[in-house]
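The values are calculated or read from the model by the stated rules, or taken from the named source; none is laboratory data. Everything quoted here is computed from the prediction, not taken from an experiment. All Cβ positions, glycine included, derive from the backbone under ideal geometry; neighbour counts span all protein chains shown. Each accessible area value is taken on the protein alone, full model and side chains, heavy atoms only, with ligands, DNA and RNA left out. Shrake-Rupley method; radii C 1.70, N 1.55, O 1.52, S 1.80 Å.
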Amino acid sequence: MESVSAIALAGGQGIRARPITLNSDDYLRSKAAVSVAGRPLIEWTVTSLGRLGVRQFYVVANGRENRAQTKGVLGHGERFGAAVRYSRARFDQGNTGSGEATLRCLDYWDLSGLALVVPTDSVFDFDLEPLVRAHLDAGAVVTVASVLRPAETAAGTYGVLEAGADGVLRRFVEKPSWAEARAMGRADPDGRVHTNTGMYLVDCHRLRMAATDPALAAMARVRLDWGGDLLPYLVAAGHRVLTHPIRRFGDLGSPPAYLDTLKDVLLDRYPLLSAGLDPQPWRSDSVRIHETSLEMKDPVSGRTLADKISDGSVRIGPGVRIGRDVEIGPGVTLMESDIGDGADIGQDCVLRGVACGDHTVIGPGARLSDVFLGCMVDVRSTLERPVHLSDYCALGDEVQVPPGARLRGVHASPKVRITEAARYPAGVSLSGVRDLLRWV
């Protein structure tokens, strides 16, 4: 597998994932640099593929934030036992999509062997050797890694692949309607369809030859995305495109997708990632607690976390990761949650399905369910006026939440101060003073 290189696509502005992809209102956080269970996504990509034998990485970036932040994490790969190279900044001027960017870089680096094109806003679990074997046996130009999903789940959300019994792609539909997806799923006993993961094993030489077709070259000058343009073109032009299912693929492109995928990671449903989770399991129910946090005493009881877990005054698990130097008060319950370094969780809090950023403070009595909290978020809950956050709330870095707040599905940009007197509708996005005052 050492002969397979990886092409990591780091582009886009992460609009669907905001506020997770905002450092501030005017500075983007690259999706590749978003932290998941204590590590940036692009680091998970490199370490996971490294375990499968991939050592050479080419980062196809677009834009200052994507290029600079990705390089800030990876450098040139020495720390990971890999070699990492980056696309030229001048290529951004002519970038018309992920397909065009891939083809341009194949030529620039003069790649001719097998390469695995991977997105950098996702996590995955699969075996590379069967994918390569299927690709070579079929004589494919491109093999699409797919995941089987119910037709109703795929409709309007994923690209759907229709293949013959031999796995060769007959048709590709980007985000089909419910009726289309259901029709494409009739061949499966459970009504499932093959969905595109955005991961492609390509024969670099043959794909470069295909790109010399004047029709494809003309498309690339206007728009050429992998899913919406390049795949449909290759199928229609008669090139051999294969689909091959993999075990698991998790999208992190929106706050709900991020939180749902994080739960699966914490519950060890991605074995490729489990080996790199820090700290290692403390208990058999996928509970990971750094030793510094086990020794931390909270200011209310004056007792260590280890003691409180032992006597049952703190309940943790399953699927919990607690970083370094975290203070947890008595009466706390944590389930399927990731707690960043230096966080404070007050007494009698209940957290389920929560991503808690570094140095965030959660006051006593808070009730949080399916919530993303960035770094240094200040949840000013009290036992008399507890804060309730639920339904995929996503609060950016340094957001302040007043006592007694009840928010459902609210998204708040970094440094927003939630107004105490306001009543925010479910699902509203708050990015400035005008948004905040509108609901007072």
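Heavy-atom accessible area for Ile15, with the other protein chains in place and a 1.4 Å probe, reaches approximately 110 Å². Region 58-96 and region 245-269 have Cα centres spaced 24 Å apart. Per the Kirkwood formula applied to alpha carbons, the chain shows a radius of gyration over Rh ratio, Rg over Rh, of 1.00.
Between region 1-25 and region 343-361, the C-alpha centres lie 26 angstrom from each other.
Using the 1.4 Å probe convention, the accessible area of region 216-325 works out to 43 Å² per residue with neighbouring protein chains retained.
Working note: 222 nm ellipticity from helices only, DSSP H runs with n ≥ 4, each -39,500 (n - 2.57), summed and divided by the residues of the chain, gives -6500 deg cm²/dmol to the nearest 500.
Considering only Asn196, Trp178, Leu207, the residue lying farthest towards the positive end of the dipole of region 155-222 is Leu207, judged by Cα position with unit charges set on Cβ.
Report the extension gain between Asp307 and Phe91 in nm, rounded to one decimal, defined as 0.36 nm multiplied by the number of residues separating them, less their alpha carbon distance.
Values: separation 216, 0.36 × 216 = 77.76 nm, distance 5.69 nm.
Net length gain for the segment: 72.1 nm.
Per-residue accessible area for Met335 at 1.4 Å probe radius, Å² rounded to 10? About 60 Å², ignoring ligands and nucleic acids. Within region 62-127, the trypsin sites (Lys or Arg not before Pro) that combine a DSSP coil assignment with at most 12 other C-beta atoms in a 10 angstrom radius are Arg88. Counting only protein heavy atoms and using a 1.4 Å probe, the accessible area of Thr197 comes to about 10 Å².
At a probe radius of 1.4 angstrom, the accessible area of region 28-134 per residue rounds to 37 square angstrom. With the convex hull drawn over the C-alpha atoms of region 251-360, the volume per residue is 88 Å³.
Could you give me D for region 105-258, from Stokes-Einstein at 37 °C and 0.692 mPa s, where the hydrodynamic radius is the Kirkwood radius over C-alpha pairs? Units µm² s⁻¹, please.
Numbers: Rh = 16.0 Å.
The diffusion coefficient I find is 205 µm²/s.
Accessible area ranking (1.4 Å probe, heavy atoms, ligands and nucleic acids excluded), largest first, for Glu398, Glu291: Glu291, Glu398. What separates the Cα centres of region 298-334 and region 176-236 is a distance of 49 Å.
Within the chain, what whole-number % of the accessible surface is contributed by carbon and sulfur, with the 1.4 Å probe and all protein chains included in the calculation? Within the chain, the accessible surface is 48 percent carbon and sulfur. Note: relative contact order over the chain, using C-alpha pairs below 8 Å and six or more positions apart, is 12 percent. Between the Cα long axis of helix 255-266 and the first principal axis of the chain there is an angle of about 80°, rounded to the nearest 10. Heavy-atom accessible area, probed at 1.4 angstrom with all protein chains present, ranks Ser254, Ser177 as Ser177, Ser254, highest first. For region 174-231, the spherically averaged projection of the C-alpha convex hull amounts to 5.4 nm².
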